[in-house]
1. Are there any pairs with C-beta distances below 9 angstrom linking a residue in the range 142-154 that is in the same structural domain as residue 287 (by TED's automatic domain parsing) and among the acidic types (Asp, Glu) to a residue that is within 8 Å of the ligand (Cβ to nearest atom) and not in a strand (DSSP E or B), with the two at least 6 apart or on different chains, and if so which?
2. Is there a residue in the range 48-63 that is out of contact with any helix residue (DSSP H, G or I) (no Cβ under 7 Å at 6 or more places or on another chain), free of Cβ contacts under 8 Å to residues at least 60 places away in the same chain and surrounded by 15 or more Cβ atoms within 10 Å (Cβ to Cβ)?
3. From 136, 119, 102, grab the single residue that is out of contact with any strand residue (DSSP E or B) (no Cβ under 8 Å at 6 or more places or on another chain), modelled with pLDDT of 95 or more and part of a loop (DSSP other than H, G, I, E, B).
4. Looking only at residues in the range 140-155 that are in contact with a Phe, Trp or Tyr (Cβ under 7 Å, 6 or more places away or on another chain) and outside any helix (DSSP H, G or I), which one is nearest to the ligand (Cβ to nearest atom)?
5. Of all residues being surrounded by fewer than 22 Cβ atoms within 10 Å (Cβ to Cβ) and more than 11 Å from the chain's Cα centre (by Cα) in the range 156-173, which is nearest to the ligand (Cβ to nearest atom)? Just the residue, please.
6. Condition test on residue 360, is it surrounded by fewer than 22 Cβ atoms within 10 Å (Cβ to Cβ), hydroxyl-bearing (Ser, Thr, Tyr) and not in a strand (DSSP E or B)?
7. Hey, can you tell me all the residues within the range 243-265 that are crowded, with 21+ Cβ neighbours inside 10 Å and away from the ligand (no atom under 16 Å from the Cβ)?
8. Of all residues in the range 269-304 being near the ligand (Cβ under 9 Å from one of its atoms) and β-branched (Val, Ile, Thr), which is surrounded by the fewest Cβ atoms within 10 Å (Cβ to Cβ)?
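The values are calculated or read from the model by the stated rules, or taken from the named source; none is laboratory data. Predicted model, so just to flag it, every value in this text is computed and none were measured. Heads up, the Cβs are rebuilt from the backbone with ideal geometry, glycines too, and the neighbour counts pull from every protein chain shown.
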Amino acid sequence: MPDYTAYCKEYITNFCYFYINNYFERNFIMYQRTKYDMRQELNLIRESGLFKDERVILSDQKANINVIYPDGSTPREVLNFCSNNYLGLANNSEMIKAAHETLDKYGFGLASVRFICGTQDIHKKLEDRIANFYETDDAILYSSCYDANGGVFEAITHQDDAIITDKLNHASIIDGIRLSKAKRFIYEHNNMQSLEQKLILAREGEDIWEHTGLAAEPHPARNILIVTDGVFSMDGDIANLKEIVRLANKYDAMVLVDDSHATGFFGKTGRGAIEYCGVLGEIDIITSTLGKAMGGASGGFTAGKREIIQLLRQRSRPYLFSNSLAPVIVGASVAAFDLLEKSNDLREKLMENTRHFRNSMTKIGFDIIESVHPIVPILFRKFEHDAHLAASTAKDLYEEGIYVVGFSYPVVPKGQARIRVQISAAHSKEDIEKCVSAFEKVGKKLNVI
Ligand SMILES: Cc1ncc(COP(=O)(O)O)c(C=O)c1O
């Protein structure tokens, strides 16, 4: 007769051994290894001065905010000079009213993607509004501009196509292009000669140069797409869109502009860098955000030719596989477009504040990148320890009640450490003057001016 007791004992022992071993391996040994690797990586980030602390704000987003920093300290009121709240709409009473009304009428969420049951009449209304604003055929909404850029290149380009992209384009463009099978060319930042060289390469068939000796046939690109930010967020400089459009016409290419740092406030009527450069109606694809000047909550869009937008509705993965934009954001965004079309006051105030700040900072001797945009980079390139100086200046400014952030390598090129100041229509003249005086005091103390 078989010894069932011994059999059961062996079975249970093996089971326990296996289970404990597995548990130990997974929860202790394996995690110990992962934990070690991750701590090493975090230490590297800290040592290179790139660890990003989050400062906790206790108030709504506006010019003067209530902040806890460093962690555990008493909250203090500081003037905010580092948000993308260009027009001050983040706490605008008409926007908040529209948000409340939309919330009451359309509810909190849609629990669906657009093509199943996530499209309300207000989504269509906002898309029409955006298309009219940019004088394009149609527009499509996304949860963010990151998603708009993430979902455009793969959907509209093929392996026979070429994408030619500015070296300093935003991370979301870089990531979006990575998803496409098209050949990628990178041109030097805002350098039209470099762009033209890449256009020639793409048109003639770059394979001649890449695979010499392999008898590869020239493989000219079928369609070419030039991609650029309208305004570059680290320098506040503006893409040379007039020349980009001219080159695109010469080489039969399309143009995509991400106008996130210009939509709503830049150009005569707020139609962005596209309007500022005089190419409204000539850009094939525009991507932008609702998360900066247009109220600052979240949301993004792509506007352009009918077929392009139709194709995006069929193929763009962040649109097809991610939730509809929340009704409350859609309703408030329609109100933002209403506000901008009614009056130029906020735009004019922003531009006046920008001029005042730029002139005053230049007058007291700071080294700023020349432009007309409310992104004002204060550079420390004349100094050996530029990164250290940018960080110390930002820290001392906080003590003076001015909230700004320093950026250094590798976020910006070596020797180009900076404080990026962002001006808003929410700032009063006194706020601007207080900021300039604080810079002057700290700049003199640290021998920067
Ligand atoms: C040029 C540019 N494109 C896209 C984005 C992403 O926008 P969103 O916050 O809507 O994802 C940003 C935001 O920083 C940006 O500066």
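1. 147/172
2. yes
3. Details: 136 fails: out of contact with any strand residue (DSSP E or B) (no Cβ under 8 Å at 6 or more places or on another chain); 102 fails: part of a loop (DSSP other than H, G, I, E, B).
Just one listed residue meets the conditions, 119.
4. Let us first name the residues in the range 140-155 that are in contact with a Phe, Trp or Tyr (Cβ under 7 Å, 6 or more places away or on another chain), namely 140-142, 148, 151.
Then drop every residue that is not outside any helix (DSSP H, G or I), which leaves 140-142, 151.
Values: 140: 14, 141: 11, 142: 8, 151: 12 Å.
Among them, the one singled out is 142.
5. 168
6. Yes.
7. Taking the range 243-265 as the starting set, the residues that turn out to be crowded, with 21+ Cβ neighbours inside 10 Å are 244-245, 248, 253, 255-265.
Once the filter is applied, which keeps residues that are crowded, with 21+ Cβ neighbours inside 10 Å and away from the ligand (no atom under 16 Å from the Cβ), the range 243-265 yields 245, 248, 253.
8. Here the residue is 289.
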